[in-house]
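Okay, structure first, notes after.
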Amino acid sequence: MGQQTTNDKTSLTEQFFPNVDWVQMWEATYETIYMTALSTFFTFIIGLAIGLLLFLTAPYNMWANHIVHFLTGSIVNIFRSIPFIILIILLIPFTKFFFGSIRGANAALPALIIGAAPFYARMVLIGLREIDKGVIEAAKSMGAKTSTIIWKVLLPESSPAIFSGITVTSVTLVGYTAMAGVIGAGGLGHLAFLHGFQRNNPDVTLVATVIIVAIVFLLQWIGDTITAKVDKR
Amino acid sequence: MISIKELRKEFTVNDKKIVAVDNLTLDIEKGEIFGVIGYSGAGKSTFIRLLNGLEQPTSGEVFVNDKKFSHMKGESLRIARQKVSMIFQHFNLLWSRTVEENIEFPLEIAGVPKKERKQRVHHLIELVGLKGREKSYPSQLSGGQKQRVGIARALANEPDVLLGDEATSALDPETTDAILDLLVDINERLGITIVLITHEMHVIQKICHRVAVMEDGKIVETGKVLDVFQNPQETITKRFVSQLTGVEDTLPTLETIFQHYPNGSLIQLTFVGQTTEEPVLTELIRNFQVTASVVHGNMNQTKDGPYGTLIVHIDGETKQIHDALQYLQSIDVKAEVLNNGSTNNE
């Protein structure tokens, strides 16, 4: 009897989503999550570092340096203004050199990180600028070193912006992974395009979209929870 | 303790040179509470930041505890700063840290071991009266409580000097008094030298031993608080003093009085110390053929004793009024004639 129910269910999914290969779908989901997680992690580290560098080298700040500030700012602006799909194409030689191939999830990572880190660095910078100047002055008046100010003042005091920023960035990265799929990185975007759109299987596109939306909702929820927890203002 | 020699600080804003502190020379004694009063833009904030090296002077020198703070740099400046701490108008607490973590912060900077940190924080929380609020975040505290955290934090590394940058300007009058009491308590118990900058005469009157009046980057008048109150020399000092005695507020009232009493004189009496306790008016009426009615009165307590202002209307024969005034001078009450009644009566 139990067998019977299962069969009924299977037939039901088969009836509504006749073209969906579930094994393939979960594989694609895994690839999307893999690419999003790794690229978010590296974007977080690199974006944070660039954001801090931009903040500290700004005029009247601790490492005030016009040249470094200008160069970093320019690089950030250049990479931020290149449309992602073009960035992928521009990076093909680079990716080939490093990974020997432009296919697969790992090959998508450089483009994802280089595309997202400057965007995130700007958000970090906004968060750092919102820190009360008086608090930094207070830390200086206590004899704090710049490294102490970075770790114990700048990062904790801008933590809500840092976490809400990485949440927005990770959601953007989910979208980027779908685009990266087009050049053969795999993932749900790739599946939806190749198996859904090109073979005219709207059910595949629909299921892939629903899973992507679910991933985005989950990321937003995690991000909001962390942001609310660190924000003691 | 603090020795300031020909200190000068210039800023260049939009290609225009601004002199914030101009050739300032001053000595502050160990263990005293020294107040610097001035309106905004007088250069007070720059001045106090020159004392702990947050600003470096264009020229001149600052010595704190025989250490030359001006032109000190890097590691030595950072270590020296631990003994010259600062409290702020807007408290400048880290919102991401609890009360005890905020107080612990300077100890972390100084590299104090964790166990000793906890002990000192515990002691400091008791000292400033914040027991029970250790785990609260700044956002859960009132302004007065925040400043108590600020004070505890400033005291953590057992400083020699405490700098107050408009420390009570963001607080209501009652909380201001409580914080000022705490500062006096700290000054007396721990012997810390306190330098305060403020625009409120009330702060100077309540806790300072000596005061300097600052205008356009210069100190225009300095001395013991009671002396400056009794005998202000400069126009700006007189304005600050009248802000406290309330005489300024009374001036419109005086206009009405002039009209109501065309005869006699309005006299402002200033009492200091001992004379505030003597029955001056009674003596005046008994010994001279004059009538006296009180128009305005005010009494303030300074660190060195009471200080009072009284505006009285005295009427009688010109000779008697004259003698009465002479009598007042003889008992060290400063008498200032505000008007001489209507001229057509003389």
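Those residues that are within 11 Å of chain A (Cβ to nearest Cβ) and either loosely packed, with under 15 Cβ neighbours inside 10 Å or not in a helix (DSSP H, G or I) (or both), I need them from region B:103-154; list them, please.
Answer for region B:103-154, where residues must be within 11 Å of chain A (Cβ to nearest Cβ) and either loosely packed, with under 15 Cβ neighbours inside 10 Å or not in a helix (DSSP H, G or I) (or both): B:GLY111, B:SER136, B:TYR137, B:SER139, B:GLN140.
Let me spell it out: the conditions are (1) within 25 Å of the chain's Cα centre (by Cα); (2) surrounded by fewer than 18 Cβ atoms within 10 Å (Cβ to Cβ); (3) within 14 Å of another protein chain (Cβ to nearest Cβ), and B:SER3 meets all of them except one. Which number is the exception?
That leaves (3) as the condition not met.
Check whether at least one residue in region B:300-309 is free of Cβ contacts under 8 Å to residues at least 40 places away in the same chain and surrounded by fewer than 14 Cβ atoms within 10 Å (Cβ to Cβ), and report yes or no. Before you say what the answer is, go through the steps one by one.
Of the residues in region B:300-309, the ones free of Cβ contacts under 8 Å to residues at least 40 places away in the same chain are B:306, B:308.
From the residues that got through so far, the ones that are surrounded by fewer than 14 Cβ atoms within 10 Å (Cβ to Cβ) too are none.
No, region B:300-309 has no match at all.
Which numbered condition in (1) loosely packed, with under 14 Cβ neighbours inside 10 Å; (2) under 25 Å from A:ILE183 (Cβ atoms) is the only one that A:PRO118 fails?
(1)
Does A:THR209 meet the test of being polar (S, T, N, Q), more than 15 Å from the chain's Cα centre (by Cα), assigned to a helix (DSSP H, G or I) and under 25 Å from B:ALA152 (Cβ atoms)?
Values: polar (S, T, N, Q): yes; more than 15 Å from the chain's Cα centre (by Cα): yes; assigned to a helix (DSSP H, G or I): yes; under 25 Å from B:ALA152 (Cβ atoms): no.
Spelling it out, it is not the case that A:THR209 is polar (S, T, N, Q), more than 15 Å from the chain's Cα centre (by Cα), assigned to a helix (DSSP H, G or I) and under 25 Å from B:ALA152 (Cβ atoms).
Filter region A:27-62 for residues that are of a type in the set (Gly, Ala, Ser) and buried (at least 17 other Cβ atoms within 10 Å of the Cβ); which is farthest from A:VAL204 (Cα to Cα)? Step through it out loud before you land on a result.
First, pick out the residues of region A:27-62 that are of a type in the set (Gly, Ala, Ser): A:28, A:37, A:39, A:47, A:49, A:51, A:58.
Applying the additional criterion that residues be buried (at least 17 other Cβ atoms within 10 Å of the Cβ) yields A:28, A:39, A:47, A:51, A:58.
Numbers: A:ALA28: 12, A:SER39: 25, A:GLY47: 35, A:GLY51: 40, A:ALA58: 50 Å.
By that ranking, first place goes to A:ALA58.
Could you please give the count of residues in region B:76-102 that are farther than 28 Å from B:SER169 by Cα and either more than 9 Å from every other protein chain (Cβ to nearest Cβ) or at pLDDT below 90 (or both)?
Within region B:76-102, residues that are farther than 28 Å from B:SER169 by Cα and either more than 9 Å from every other protein chain (Cβ to nearest Cβ) or at pLDDT below 90 (or both) number 1.
In region A:212-233, how many are touching a residue at least 40 places away in the same chain (Cβ under 8 Å) and not in a helix (DSSP H, G or I)? I'd like the intermediate steps shown before the answer.
Step one: list which residues in region A:212-233 are touching a residue at least 40 places away in the same chain (Cβ under 8 Å), which gives A:212, A:215-216, A:219-220, A:222-224, A:226-227, A:230-231, A:233.
If we keep only those that are not in a helix (DSSP H, G or I) too, we end up with A:231, A:233.
So the answer is 2.
Between B:LEU226, B:LEU266, B:LEU180, B:LEU196, which is buried (at least 18 other Cβ atoms within 10 Å of the Cβ) and either without any contact (Cβ under 8 Å) to a residue 60 or more places away in the chain or of a type in the set (D, E, K, R) (or both)?
On the way: B:LEU226 fails: either without any contact (Cβ under 8 Å) to a residue 60 or more places away in the chain or of a type in the set (D, E, K, R) (or both); B:LEU266 fails: either without any contact (Cβ under 8 Å) to a residue 60 or more places away in the chain or of a type in the set (D, E, K, R) (or both); B:LEU196 fails: either without any contact (Cβ under 8 Å) to a residue 60 or more places away in the chain or of a type in the set (D, E, K, R) (or both).
Going through B:LEU226, B:LEU266, B:LEU180, B:LEU196 in turn, the sole match is B:LEU180.
What number goes with the only condition from (1) of a type in the set (Phe, Trp, Tyr); (2) closer than 30 Å to B:VAL112 by Cβ; (3) buried (at least 18 other Cβ atoms within 10 Å of the Cβ) that A:TRP151 does not pass?
Answer for A:TRP151: the failing condition is (3).
Hey, among B:THR12, B:THR58, which residue is within 26 Å of B:SER76 (Cα to Cα) and assigned by TED's automatic domain parsing to the domain that holds B:LYS206? Quick ask: steps written out before the conclusion?
Numbers: B:THR12 fails: within 26 Å of B:SER76 (Cα to Cα).
Residue meeting the stated conditions: B:THR58.
List the pairs whose first member sits in region B:56-69 and is within 11 Å of B:ASN23 (Cα to Cα), whose second member is at pLDDT below 85 and in a loop (DSSP other than H, G, I, E, B), and whose Cβ atoms are under 6 Å apart, counting only residues at least 6 apart or on separate chains?
Sorted first by the residue in region B:56-69, then by its partner, the pairs are B:PRO57/B:SER70; B:GLU61/B:SER70.
Identify all residues within region A:200-233 that are within 14 Å of chain B (Cβ to nearest Cβ) and crowded, with 18+ Cβ neighbours inside 10 Å; write none if there are none.
If the condition is that a residue be within 14 Å of chain B (Cβ to nearest Cβ) and crowded, with 18+ Cβ neighbours inside 10 Å, then A:THR227 is the only one that fits.
So, restricting to helices (runs of 4 or more DSSP H) that lie completely within region A:134-191, which ones have at least 3 residues that are at pLDDT 95 or above and more than 14 Å from chain B (Cβ to nearest Cβ)? Explain how you work it out, then say what you get.
Details: elements: A:146-149, A:159-180, A:187-191.
Filter on region A:134-191 gives A:159-180.
The values are calculated or read from the model by the stated rules, or taken from the named source; none is laboratory data. Nothing here was measured: the structure is a model prediction, and the numbers come from that model. Ideal geometry is used to build each Cβ from the backbone, glycine not excepted, and the neighbour counts take in all protein chains shown.
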